Amino acid sequence: MPQSETTQRVLRIVVPLFVGGLVLAISLPSFFKQKQAAPTAATSPASQPATSPDALSPASQPQLATSAPANESPASPTAVSAFTGLHAVAAAAPQTAPASQTLNPNKDPRQSPLIVDTTHLGAGLTDIRFSDIWQTPEARHKSAAYLKTLDPSVPFDITKVDDADRYTLESALSYTPASSVATYKLPLFAATSIQINGTSVSLFSDSIWTQSAPGTFTATVVDGDNHPVLEIRREFIVSNSFDIALNQKFTNRTDAPLEIVWSQYGPPELNYDPNAYIDKRRIDIGYRPEPANYPDLVLSNNSALSYDHAHLLKRRKNAQSASPSERQQEITLWPGSAADVKNFDFTWFAAIDRYFGLAVHPAFNSATPLSLAPQIQSVQFDFTEFPADPQLKPPPTTQAITYLVSPKITIAPANSADINLGIYAGPLRRDILTAEPYSKLALSEMIVYSMGSMCSFCTFQWLAHLLLWYLSFLHSYITFDWALAIIGLVITVRAILHPLTKRSQINMQRFGKKMGALKPEIEKLQKKYANEPQKIQQEQMRLMREHGVNPLQMLGCLPLFLQTPIWIALYATLYLAFDLRHQPAFFGLFQLFNGWSFLSDLSSQDAFIPLGAGFYIPLIGTHITSINLLPILMAVVFFIQQQYLTPPTAATMTPEQQSQQKIMKWMMVFLFPLMMFKAPSGLTLYIMTSSIIGILESRYVRAHIAELDKNPPPDRSSRFKPKDRQSHAYASILERLEAKRREAAERSYKKRK
């Protein structure tokens with residue numbers, strides 16, 4: 001073999017070995033240095049003591065939220081620098097505030113409608129409360145009376161109100177891992193982690209954040225040599241509105257570009273209300289369907305982007321048994337997986353319940369005021385697991401939590417990047433959400449008057465809003481009381497539908513009487529043609545035609561069924577309208593009797609006899625906290641109403657059919673009031689008032705029918721022999737047309753002469 005070839009072979013073996021050894025010698029010291037460096041308490045939540053109430057179990061860390069979104073490619077090694085030993089430490093501050101601070105510490109409603117408590121853990125919030133929205137009607141009325149007499153120059157005196165009864169929108173969630181007996185806290189909107197050039201750094205700790213002023217937190221990410229890499233500043237600002245500004249600034253402290261992906265907790269599912277008639281908790285997303293063509297159009301309530309509690313539980317169950325790619329799809333709320341939502345533009349994200357909303361939206365001073373896309377690329381969810389509360393029957397043990405993940409953001413050396421958000425934390429009030437600045441974001445789409453389930457498809461929102469507008473009009477300008485406004489609404493609706501109701505009842509009564517008279521003839525036909533069902537049907541139709549019985553009169557109740565959307569819209573409006581929350585009936589008349597709780601809140605049970613903690617009935621799965629009078633009165637009204645509305649068709653019915661009719665009558669009398677036992681008293685008042693007016697209406701219709709039977713209309717001579725009022729009217733029209741035809745013929749004949 002030639003010498004040159006031997007030399008080349010040796011070089012091909014020796015040179016790679018030499019280069020590999022050199023690389024290994026350089027990298028090993030750095031590796032061992034990183035392994036030997038003592039991790040601080042900020043490097044991982046797992047390093048915190050398990051007994052600390054502000055510690056977070058590693059099991060609860062958002063695995064997907066701490067990594068780059070799945071559709072992002074890894075950072076190019078030529079574009080950014082790699083760092084080793086990255087961890088977060090407390091930033092130096094000129095003045096260190098206490099561990100927790102309260103924004104609006106005086107709790108004065110004149111300064112801000114919100115009271116927000118902060119915490120060092122993840123630089124988040126422990127509580128969001130209202131300064132003038134209360135848990136009980138009594139506390140609300142006490143506050144209203146005090147504020148009415150308070151001079152603007154006089155400081156707010158917290159002893160004049162029931163401070164403990166302030167309504168808490170949301171608190172830091174409690175979390176108990178399956179493998180632990182300790183309970184951890186998940187603060188609201190806390191920072192969870194940040195990726196810097198592909199390396200994840202945990203930020204969920206109470207020792208790395210410095211609170212330099214109430215609501216202002218700073219932390220610094222350093223490398224293994226404690227050189228500053230990234231400075232993070234979070235600031236919560238509460239103003240004289242239901243909005244919280246969350247300003248977040250990231251400053252690059254290196255001489256190389258940084259690529260970051262920011263992760264934090266988003267709005268969690270709102271608290272479960274054990275006294276709610278229907279659980280209306282849901283998570284909803286606002287979006288722009290065509291930002292290029294219609295930049296100002298924001299919509300919501302898309303079935304592919306709206307999730308109630310049961311839907312989230314189902315998706316979580318699917319994720320637990322799915323493949324990694326399918327799991328990612330199941331736990332991702334935004335962007336949606338459906339084809340028709342992939343090109344939508346993200347506008348807001350909200351957790352909603354019966355009366356309140358907690359929504360993340362673009363900052364009002366943002367360069368993209370209608371889009372969250374520059375700040376949030378994806379929204380993912382999981383569930384907390386917490387101990388069952390024995391006071392809640394049945395006890396909920398899960399509550400959804402969400403994570404907000406930013407897109408990849410590049411920060412040049414010595415430059416900063418902002419991820420600013422707005423947080424709406426307030427009631428679902430139309431006057432607030434339909435005004436600026438929320439109207440541009442279409443946050444009023446959070447207000448949905450629908451009872452859900454199978455009633456959703458026929459609950460027209462335009463109709464529900466129209467009915468609520470009229471109810472508000474009656475309250476503001478005529479009755480000045482919500483209970484009287486509800487009664488006025490019933491009277492109005494009944495008056496509009498009276499002609500239709502009267503016609504349907506007359507038809508039903510007449511049809512029943514005529515069919516009772518024909519029963520002997522029908523029985524003869526059934527015996528005569530016992531083996532010919534088709535012949536029986538033909539003969540029955542002939543018999544009915546001969547006696548002027550119109551089969552369409554059987555559909556006299558059909559117009560009432562066509563009004564079903566009106567009833568459902570009314571029920572949903574009365575149950576979900578914030579306007580009726582904590583509003584007493586009849587000018588608070590019953591509260592004059594030593595603060596009696598009866599009808600003190602039209603949005604809740606009437607509480608005729610309060611039972612304190614009450615008792616649980618396993619058979620029907622409900623917790624009884626009071627004896628309610630209106631459902632009992634409604635059962636009596638229903639019983640009386642059945643005597644008037646049931647058509648007299650017993651003569652044409654078999655004994656089995658009569659027995660079934662009686663069973664249905666008693667079921668209506670007992671089961672429906674039982675289902676409405678815990679319903680809002682305003683809704684029960686509406687149904688009972690409508691039933692009472694229905695009884696009076698039925699009495700009038702029956703008297704009218706009896707008068708017609710005693711004094712029937714004169715029978716006009718005609719070749720037609722009508723048997724009912726409809727046929728009489730038809731015959732009269734034909735007579736008039738025939739008379740006009742004869743007169744025209746006579747005039748024409750005279751002209752020809």
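The values are calculated or read from the model by the stated rules, or taken from the named source; none is laboratory data. Since this is a predicted model, take the numbers as computed values, not measurements. A quick note on method: Cβ atoms are made from the backbone with ideal geometry, for glycine too, and the neighbour counts reach across all protein chains shown. The area values use the complete protein model at the heavy-atom level, side chains included, leaving out ligands, DNA and RNA. Shrake-Rupley method; radii C 1.70, N 1.55, O 1.52, S 1.80 Å.
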Could you tell me the accessible area of Trp334 in Å² (1.4 Å probe, neighbours in place), rounded to the nearest ten? 20 Å²
What is the packing order of peptides 663-670, 305-312, 694-701, 602-609, taking the mean over residues of other C-beta atoms within 10 Å and listing the highest first? 602-609, 305-312, 694-701, 663-670
Checking rank on 491-503, 317-329, 125-137, with mean other Cβ inside 10 Å and highest first, the result is 125-137, 491-503, 317-329
Roughly what would the spin-label model give for Met664 and Ile624, points 7 Å off Cα along C-beta, in nm? 3.0 nm
Could you state how much accessible area Tyr184 has, in square angstrom rounded to the nearest 10, with a 1.4 Å probe and all protein chains kept in place? 20 Å²
Carbon and sulfur together cover what percent of the accessible area of region 178-310 at a 1.4 Å probe radius? 48 percent
Whole-Hz Karplus ³J(HN,Hα) for region 566-572, in order, using 6.51 cos²θ - 1.76 cosθ + 1.60 and θ = phi - 60°, x for Gly and Pro? 5, 5, 5, 4, 5, 4, 5
Just to confirm my numbers, what's the Cα centroid distance between region 474-537 and region 222-255 in Å? 69 Å
Could you tell me the ratio Rg/Rh of region 242-332? Both radii from Cα atoms, Rh via Kirkwood. 1.07
Suppose we look only past 14 Å in the calculated P(r) of region 219-261. What percent of the Cα-Cα pairs does that tail hold? 57 percent
Once phi for every residue in region 289-304 is put through the Karplus expression 6.51 cos²θ - 1.76 cosθ + 1.60 (θ = phi - 60°), the whole-Hz ³J(HN,Hα) values, with Gly and Pro written as x, are x, 9, x, 6, 8, 10, x, 9, 8, 10, 10, 7, 6, 6, 4, 7
Over region 265-313, what per residue volume does the convex hull of the Cα atoms give, in whole Å³? 114 Å³
Accessible area (Å², per residue) of region 156-247, counting only protein heavy atoms and a probe of 1.4 Å: 34 Å²
Solvent-accessible area per residue for region 410-526 at a 1.4 Å probe radius, Å²? 47 Å²
Can you classify region 187-230 as rounded, prolate or oblate using the Cα gyration tensor, where a ≥ b ≥ c are the square roots of its eigenvalues, rounded means a/c under 1.5, and otherwise it's prolate if a/b beats b/c and oblate if not? oblate
Translational diffusion of region 561-615, µm² s⁻¹ [Kirkwood Rh, Cα pairs; Stokes-Einstein; 10 °C; 1.306 mPa s]: 123 µm²/s
Compute the separation of the alpha-carbon centres of region 431-451 and region 127-167 and state it in Å as a whole number. 26 Å
A correct Karplus calculation of ³J(HN,Hα) over region 256-262, with 6.51 cos²θ - 1.76 cosθ + 1.60, θ = phi - 60°, whole Hz and x for Gly and Pro, returns 10, x, 10, 10, 10, 10, 9
For region 254-404, what's the relative contact order in percent, using C-alpha pairs closer than 8 Å and at least 6 residues apart? 29 percent
Amide H contacts under 5 Å for Ile115, restricted to residues at least 5 apart in sequence or on another chain and with H modeled in the peptide plane, are Arg129, Phe130, Ser131
The summed charge of the Arg140 Cβ neighbourhood (under 11 Å; Lys/Arg +1, Asp/Glu -1) stands at -2
